[in-house]
1. Scan region 24-40 and report the pairs whose first residue is loosely packed, with under 11 Cβ neighbours inside 10 Å and whose second residue is of a type in the set (Ser, Thr, Tyr), with Cβ atoms within less than 8 Å and a gap of 6+ or a chain change.
2. Name the single residue, out of those in region 24-44 being farther than 13 Å from Phe5 by Cβ and not in a helix (DSSP H, G or I), that is farthest from the chain's Cα centre (by Cα).
3. Do we have Lys2 as loosely packed, with under 10 Cβ neighbours inside 10 Å, among the basic types (Lys, Arg) and not in a helix (DSSP H, G or I) here?
4. Counting only residues that are assigned to a loop (DSSP other than H, G, I, E, B) and loosely packed, with under 10 Cβ neighbours inside 10 Å, which one in region 5-23 is modelled with the lowest pLDDT?
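The values are calculated or read from the model by the stated rules, or taken from the named source; none is laboratory data. What you see is a predicted model, and the numbers here were worked out from it, not measured in a lab. Cβ placement follows ideal geometry from the backbone for every residue including glycine, while neighbour counts extend to all protein chains displayed.
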Amino acid sequence: MKTEFIHQMEFQSLDHLQLGLYDYVNWFNKHRIHGSLGYMTPVQYRQAALKKAV
């Protein structure tokens with residue numbers, strides 16, 4: 001998080017930081033694929049695991 005988010009940004013205010021953090025977490029969980037999760041996003045991986053469990 002520090003390398004991809006904090007060190008590349010300058011925040012004008014706390015609101016700017018909160019909005020940027022929300023966008024980063026949304027991107028990380030819903031759009032960024034993870035090799036350790038079979039090249040799925042965390043949301044896709046969780047949904048696939050839930051389908052297997054039911």
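1. Hits for this filter: His31/Thr41; Gly38/Tyr45.
2. Among residues in region 24-44 that are farther than 13 Å from Phe5 by Cβ and not in a helix (DSSP H, G or I), the one farthest from the chain's Cα centre (by Cα) is Gly38.
3. Details: loosely packed, with under 10 Cβ neighbours inside 10 Å: yes; among the basic types (Lys, Arg): yes; not in a helix (DSSP H, G or I): yes.
In short, yes.
4. Looking only at region 5-23, we keep the residues that are assigned to a loop (DSSP other than H, G, I, E, B), and these are 5, 9-13.
Those left that are additionally loosely packed, with under 10 Cβ neighbours inside 10 Å: 10, 12-13.
Numbers: Glu10: 87, Gln12: 92, Ser13: 94.
Filtering region 5-23 for residues that are assigned to a loop (DSSP other than H, G, I, E, B) and loosely packed, with under 10 Cβ neighbours inside 10 Å, the one modelled with the lowest pLDDT comes out as Glu10.
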